[in-house]
Amino acid sequence: MKVLVCFLACLYALHAMNLSGDIRVGHGDYDSYPTESVATGELKVQLKNETTQVHAIAEFLYSDRYEQRRYALLRELELRRDIGSYSLSLGKTIRFLGALEGYNVTDIYNRKNYLLDPFSKSAKLGTWGAHAIVYLDEASVSVSVKLYEEDQKYPTYPTPYRFFSWHYDESLNAEQSRYSPSVLGVYTFAPTDFLEIQAGVFQGYDSKRTFSFSNATTIAQNAYRATKALLVLNAVFQESILKLEAVYTDVAKGKNLSDYVQIGVGAEHGMYNIFGTDLGMYGEYYHYGYLGESMKNVDLSEIYDNDIFLALKWNLNDVGSTQIKGGVLHDIKRGERVVRIESSSRFFEMFTVDAAFLQTLAKKDTPLHFTGDMQRVTFGLTYNF
Amino acid sequence: MRKLIFIVGLSAVLSAQNTFDVARKSFEAMSGYKSSLSKTTMTLRDANGHENIRKLEIKKIEQSDGDRSLITFLYPPDIKETKLLSIEKIEEDDLQWLYMPALKRTKRIASSNKSGSFMASEFSYEDIAAQNYKKFTYQEPLKVVANEFEVVRFPKDTKSGYSKQILYIDATTYLPRFGIYYDKVGKHYKEIRFLEYKKIKNIWRAVRIEIKNVQTFKSSELYWEEDNIYVEISADEISQRALR
């Protein structure tokens, strides 16, 4: 109620209002689960004047077949004020950290929205907290404070997006109070025109989670506290962009978890005007290293342990801005593979059509094996406004 | 007789100039606006005449070593609030960043995309950038055809999508009227028409530009619906801090 009153007060104080969003109806065809029809959508309300901005984004998902894939939530609600070289914001927000295209090991601030799509980069949940940035000449310093750890929903059996075959108790087991703050500080600078560096530290609840049985058939999620150091590099080298993401995580003793490192390196190269079309090529490698004896394979992030990601993005440059993307994630150690091909095109300005194919070739009893259906085809129609 | 003397005199004046001078004067005729805030509509047409619309807001600051610009996509709705920040460099590679609102992500773009399509149109990134005369070398001597200068220029940047451009520039106003662009292998590639200009605060501004790909028969038109110059825009407003 307080949130609503605050939002309405902001509506009154600010004048320029902007409404936007989309509604998508789609269909999913799965090889070992019944098909489903889904409706998804989001509504964004934005109000701003010269120094202050409020925006709220609500989203919903409705599956005609799978009850677990039904929700409506407030993804973001942010009040931002810019004062000179400072920018302060408060509320439920999403932050992005990273440079790579396939998987971002440094994108640790928000939880993923596993109900929507565990393999989508944009499927994230807002986090309650405060955020401040100070802009210097060619650099910036930001501090983000998470003020609350929310419960995490997962689709469980019998949905094609399942993570577990057991019952899941979505009440989070937090090491300390859920209100114990988590702090992320990031220094961003560019020593030359062609090199950008983000260096950060984090202290708080780890983005990686563990699971334990609360009874014989039910598991629950555990959030533990950790300290992280992270680095993101972006370098323009001739006609390519080279990228590095690295995180070192220090886990306190006594949790059956060792410290660990995650590294991602990659390169991106574009070829333009090939019969009027443009082609982007991406090659990336991810490594997950345990620095000691540890429970393993407890989180989806661990599937990126020794993997190569190769992808192409083809822009046809037609009036519908048709785009075709295809990528393969190949696990060198286990021989597992995820193949994804997707395409989208716009028509009548306000509508887009999309189609996607996902195939997971997983070995038995691996984290990837728990991610659900092995082959799926989806397509949909979106109205954008 | 007087008319004949005038034409002969004018021809003598025109032919006394070289191509480089004409290119510089042409650039200067549209320079000096310091900063601008514009709203434009871009119409894309395919070979069958199907049309699609894009709307953009463009903020620019004029700088001697290369302009800074921030393009915010306004329409269609699925790309609304996507932003492109460009810092042009005359003798070096430009710097570019793309902000994707759905991911809250700012992504660095390599300047090799110069020849790539801008928003799936027939305009490439280098077509919409400032046409600074220092970016080209020129063919001399200058040709004068029916009160228009024929300026033949060659991009210095090896990443350009063009090998040669021929521009026809009005001999009175020094404004480009028509251009023929050749691809990297020297084939006739695009034709550009500067259909309308207007003077704002004594500076010429393009109002309507059409570009046609003669190889695919697709075309695109840029129309400036609103255009304001000498606008109060700070460098911070066209920097990475604007990408959110």
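The values are calculated or read from the model by the stated rules, or taken from the named source; none is laboratory data. Computed from a predicted model, the values in this text were never measured in an experiment. Methodologically, a virtual Cβ is constructed for each residue, glycine included, from the backbone with ideal geometry; neighbour enumeration extends over all protein chains shown. Protein only, heavy atoms only, side chains kept; ligands, DNA and RNA dropped before computing areas. Shrake-Rupley method; radii C 1.70, N 1.55, O 1.52, S 1.80 Å.
A few comments on the model shown:
- Any hit, segment A:206-224, residues being part of a strand (DSSP E or B), modelled with pLDDT of 95 or more and either surrounded by fewer than 17 Cβ atoms within 10 Å (Cβ to Cβ) or touching a Cys at 6+ places or on another chain (Cβ under 7 Å) (or both): no
- Residue selected from segment A:172-182 under the condition open to solvent by 60 Å² or more (accessible area, probe 1.4 Å) and touching a strand residue (DSSP E or B) at 6+ places or on another chain (Cβ under 9 Å), by the criterion nearest to A:LYS255 (Cα to Cα): A:GLU175
- Looking across segment B:139-159, the residues that are within 20 Å of B:THR173 (Cα to Cα) and part of a strand (DSSP E or B) come down to B:LYS143, B:VAL144, B:VAL145, B:GLU148, B:PHE149, B:GLU150, B:VAL151, B:VAL152, B:ARG153.
- Once segment A:250-266 is narrowed to residues that are aliphatic (A, V, I, L, M) and in a strand (DSSP E or B), the residue that is modelled with the lowest pLDDT is A:VAL251.
- Only residues that are farther than 17 Å from A:SER321 by Cα, free of Cβ contacts under 8 Å to residues at least 24 places away in the same chain and of a type outside the set (A, V, I, L, M) were counted in segment B:73-95, giving 1.
- Inspection of segment B:137-149 finds no residue satisfying the criterion of being open to solvent by less than 20 Å² (accessible area, probe 1.4 Å), among the aliphatic types (A, V, I, L, M), touching a Ser or Thr at 6+ places or on another chain (Cβ under 9 Å) and under 26 Å from B:GLU28 (Cα atoms).
Residue-by-condition table, conditions (1) in a loop (DSSP other than H, G, I, E, B); (2) more than 14 Å from chain A (Cβ to nearest Cβ); (3) under 26 Å from A:ASP82 (Cβ atoms):
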position: B:TYR197; (1), (2), (3): no, yes, no
position: B:ARG205; (1), (2), (3): no, yes, no
position: B:GLN215; (1), (2), (3): yes, no, no
position: B:GLU221; (1), (2), (3): no, no, no
position: B:TRP224; (1), (2), (3): no, yes, no
position: B:ARG244; (1), (2), (3): yes, no, yes
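- The residue that is farthest from the other protein chains (Cβ to nearest Cβ), among those in segment B:113-130 that are of a type in the set (S, T, N, Q) and in contact with a Phe, Trp or Tyr (Cβ under 9 Å, 6 or more places away or on another chain), is B:SER124.
- Near pairs, Cβ below 6 angstrom, 6+ apart or cross-chain, from segment A:38-57 (farther than 25 Å from A:GLY28 by Cα) to any residue that is surrounded by fewer than 16 Cβ atoms within 10 Å (Cβ to Cβ) and small (Gly, Ala, Ser): A:LYS48/A:ALA16
- Some residue of segment B:96-112 being modelled with pLDDT under 90, touching a helix residue (DSSP H, G or I) at 6+ places or on another chain (Cβ under 7 Å) and either within 14 Å of another protein chain (Cβ to nearest Cβ) or within 30 Å of A:VAL45 (Cβ to Cβ) (or both): no
- Residues satisfying the stated conditions in segment A:57-84, i.e. at pLDDT below 95 and open to solvent by less than 50 Å² (accessible area, probe 1.4 Å): A:TYR66, A:ARG69, A:ASP82
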